[in-house]
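Scroll down for the structure; my scribbles are underneath it.
The values are calculated or read from the model by the stated rules, or taken from the named source; none is laboratory data. Worth saying up front: this structure is predicted, and the values here are computed from it rather than measured. Neighbour counts are summed over all protein chains in view; Cβ atoms, including those assigned to glycine, are modelled from backbone coordinates with ideal geometry.
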């Protein structure tokens, strides 16, 4: 047994910081959440499915949690990837102003991201061609890294990396401490999110599912290079989310979190709830104009689905003590 | 510190069987491999990249290992999924003989799997329509489970689940004990492999990359159901393997293993070798007519690439003490 103990300790030395965070999270879980029905519902669910004596017990290998990103894990006013794409387009337009002739690019330039839903396939291909032509995966990652180092939010005047929701980062940690594997499943670009997912959320690249462009492994200067193309691979929104969860994970999520804006997470939460056995779904409601932004869905579909299906609604205003970490420091 | 120790032990109780296997693997790694250049090369590489004092040290989060399945982790004479598809087609042909009119299905019925490469898009769609029409993911999984419970290899007379290569299963364990995350990246169908990947290889469904059909999340009898369609999603072979590794993992593999047959793994191994920093590539050569099967590639491309690029060639005849576990029991 002493060999086993020694070996177990060796294995865990590498994860010591995570373990330390984990213990404080066990003693006082979700510290940035107000006491109330949302916090209680989460903790009760996790207690129940991790209790081996319970008929609702879920083995560790099935504890899959999926999170939307924009508006669920970080703020989406403006869409952060939209700001990145705009910075790329501005750089490219300085060299070649004709790229701005596309109606989609003109709409994006005016902040009308919703135009993506109205765009034709030709518009999308044109945008991807402008963004990706001749760009290798390595170069793309460098562009994303440069953006996050310098760009700041237009109203809040902080780097975009400060716009993660502290209570949600705590929730990710809390679930991991309780044996969950945490995943992102977002409409955002998979390669864009992967650059910061480990740093911001403790989620490694292989647990990020997102929208993607098709790529090719093609000869270039005597070697083969993985290269982005102008063809859309997958637009990971609405009913495509369950399809991609199945492709990447192959298991029903036990825990699924989305937010109010466009109904983009309803299918993912519906899919999670269809697993046989217990599951938990939550919808973040953006109702705090003072600390973040207040907005609703035109058709109220996400909140209606939450009410109809018994999903937990999380109110930023009422359920979160802190929204962004940087706001706490401002109070100090 | 005592809290940390107790917590570390708690975390590892769930993985105790794996730890026990791991320790025996540490004391006597790769027991079914003969001493020789292949076994030494693998152990030397792993020792080197796990040594924190070495300039070749690779942190745990980057230790990604990818394995082809057919011919690399289990035998591919015949292709096991081919046998499954044939069993499905025979069941369906009993009800509707007209399905056999497709030239692709006739070729498959005669064991000519290579015809898939000559098949037209219409042939493939027709095959997928025959196999998938009206089949939900849950029903498909049940069909695969039923196949593995009853079907046996035509010459070897053992269940197909007995046809994993014992030295390769040991290699997977050895890499995991050394901090690697092990993945399958195979031309086989992702949903087919996932049914048995945990049981046979200790690889969970979310670490299996394979060929796929497109699916839809569609309304059916008052709920939404994830359903297979007749459209090919991805044929995960040759240059598509690096593309799908990037899509699913987002990191260069440190360790990549394939086999001689059709050159299907050359691109994946090339991609792995392009990572900056150390990496290891190996090709299994099927040269043991007595214990498995002996076959070569028409153009010898895989072995030529191995020689040109310094990939380790693994000879089943010379490097493996045991091929299949069941053969060991026969000797007892």
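Things worth noting here:
- Residue check for residue B:200: surrounded by fewer than 22 Cβ atoms within 10 Å (Cβ to Cβ), within 30 Å of residue B:59 (Cβ to Cβ) and more than 9 Å from chain A (Cβ to nearest Cβ): yes
- In segment A:44-57, the residues that are touching a residue at least 60 places away in the same chain (Cβ under 8 Å) form Cβ pairs under 6 Å with partners that are surrounded by 15 or more Cβ atoms within 10 Å (Cβ to Cβ) and part of a helix (DSSP H, G or I), at six or more places apart or across chains, as follows: A:56/A:48; A:56/A:49.
- Subset of segment B:230-247 (residues that are at the interface with another protein chain (Cβ under 10 Å from one of its Cβ atoms) and either part of a strand (DSSP E or B) or in contact (Cβ under 8 Å) with a residue 40 or more places away in the chain (or both)): B:233, B:234, B:241, B:244, B:245
- Residue check for residue A:210: on the phi > 0 side of the Ramachandran plot, surrounded by 21 or more Cβ atoms within 10 Å (Cβ to Cβ) and at pLDDT 95 or above: no
- Segment A:165-181, subset over 19 Å from residue A:314 (Cα atoms) and in contact with a helix residue (DSSP H, G or I) (Cβ under 6 Å, 6 or more places away or on another chain), residue surrounded by the fewest Cβ atoms within 10 Å (Cβ to Cβ): A:179
- Residue in segment A:134-153 that is in a loop (DSSP other than H, G, I, E, B), over 29 Å from residue A:317 (Cα atoms) and touching a strand residue (DSSP E or B) at 6+ places or on another chain (Cβ under 7 Å) present: yes
- Residue in segment B:239-252 that is buried (at least 21 other Cβ atoms within 10 Å of the Cβ), more than 24 Å from residue A:235 (Cβ to Cβ) and over 14 Å from the mean Cα position of the chain (by Cα) present: yes
- Taking the criterion of being more than 11 Å from the chain's Cα centre (by Cα), closer than 21 Å to residue B:267 by Cβ and modelled with pLDDT under 95, the residues of segment B:58-89 that qualify are B:79, B:81.
- Residue match in segment A:97-112 (condition: within 14 Å of chain B (Cβ to nearest Cβ) and in a loop (DSSP other than H, G, I, E, B)): no
- Residue A:104 being without any contact (Cβ under 8 Å) to a residue 24 or more places away in the chain, buried (at least 17 other Cβ atoms within 10 Å of the Cβ) and farther than 16 Å from residue A:233 by Cα: yes
- Residues in segment A:266-292 that are closer than 14 Å to residue A:251 by Cβ and buried (at least 23 other Cβ atoms within 10 Å of the Cβ): A:268, A:271, A:272.
- All positions within segment B:220-234 that are within 30 Å of residue B:273 (Cα to Cα) and surrounded by fewer than 16 Cβ atoms within 10 Å (Cβ to Cβ): B:232
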